[in-house]
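Trainee: Starting off with a structure, shown below.
The values are calculated or read from the model by the stated rules, or taken from the named source; none is laboratory data. Keep in mind it's a predicted model, so treat the numbers as computed, not measured. No Cβ is skipped: glycine too gets one built from the backbone with ideal geometry, and neighbour counts run over all protein chains shown.
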Amino acid sequence: MTRYLMFIIVLLTAVSLAGCQGDNTAQAYNVSTGGNAHEGVKVIEAYGCGSCHTIPGIHAADGMVGPPLYFMSRRTMIAGELPNTPDNLVKWLKSPQSIEAGTAMPTLGLSDQEAKDAAAYLYTLK
């Protein structure tokens, strides 16, 4: 094998492996919600969101009442009612009944910061 061919094989192998080293866990960072994804995990667990929703990365979050929350950051709408923006997601989390009266999603009494933190986590679901 020529040195050139060996170089190409090594280079292609290195490039393909570089793409496999991503970390898919939630990172503690502020998104445009003003929240923190790691704190959002705590909020989601404390309020029992997983009893109604399947939520990736949340222990025992395998509920079947509400929709699964996979790929939340890619969705265009929230609850079929609102465009998926950070402000709208926080609004929905704080007061779903004010947006869709009679929805199965209860008003949980989240504080502003708790809603921002939960939204920050949900936006890590890509």
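Trainee: What number of residues within segment 54-94 are part of a helix (DSSP H, G or I) and out of contact with any helix residue (DSSP H, G or I) (no Cβ under 8 Å at 6 or more places or on another chain)?
Mentor: Selection size over segment 54-94: 3.
Trainee: Moving to a separate point now. Hey, does segment 32-45 have a residue that's surrounded by fewer than 16 Cβ atoms within 10 Å (Cβ to Cβ), at pLDDT below 95 and in contact with a strand residue (DSSP E or B) (Cβ under 8 Å, 6 or more places away or on another chain)?
Mentor: Checked segment 32-45: no residue is surrounded by fewer than 16 Cβ atoms within 10 Å (Cβ to Cβ), at pLDDT below 95 and in contact with a strand residue (DSSP E or B) (Cβ under 8 Å, 6 or more places away or on another chain).
Trainee: Taking the condition of being part of a loop (DSSP other than H, G, I, E, B), surrounded by fewer than 17 Cβ atoms within 10 Å (Cβ to Cβ) and on the phi < 0 side of the Ramachandran plot, how many residues in segment 100-124 meet it?
Mentor: Result for segment 100-124: 7.
Trainee: Let me spell it out: the conditions are (1) assigned to a helix (DSSP H, G or I); (2) under 18 Å from Gly34 (Cβ atoms), and Gln97 meets all of them except one. Which number is the exception?
Mentor: Going through the list (1) assigned to a helix (DSSP H, G or I); (2) under 18 Å from Gly34 (Cβ atoms), Gln97 breaks only (2).
Trainee: Sticking with this structure for a sec: Answer yes or no as to whether Ser73 is under 14 Å from the mean Cα position of the chain (by Cα), polar (S, T, N, Q) and surrounded by 11 or more Cβ atoms within 10 Å (Cβ to Cβ).
Mentor: It is true that Ser73 is under 14 Å from the mean Cα position of the chain (by Cα), polar (S, T, N, Q) and surrounded by 11 or more Cβ atoms within 10 Å (Cβ to Cβ).
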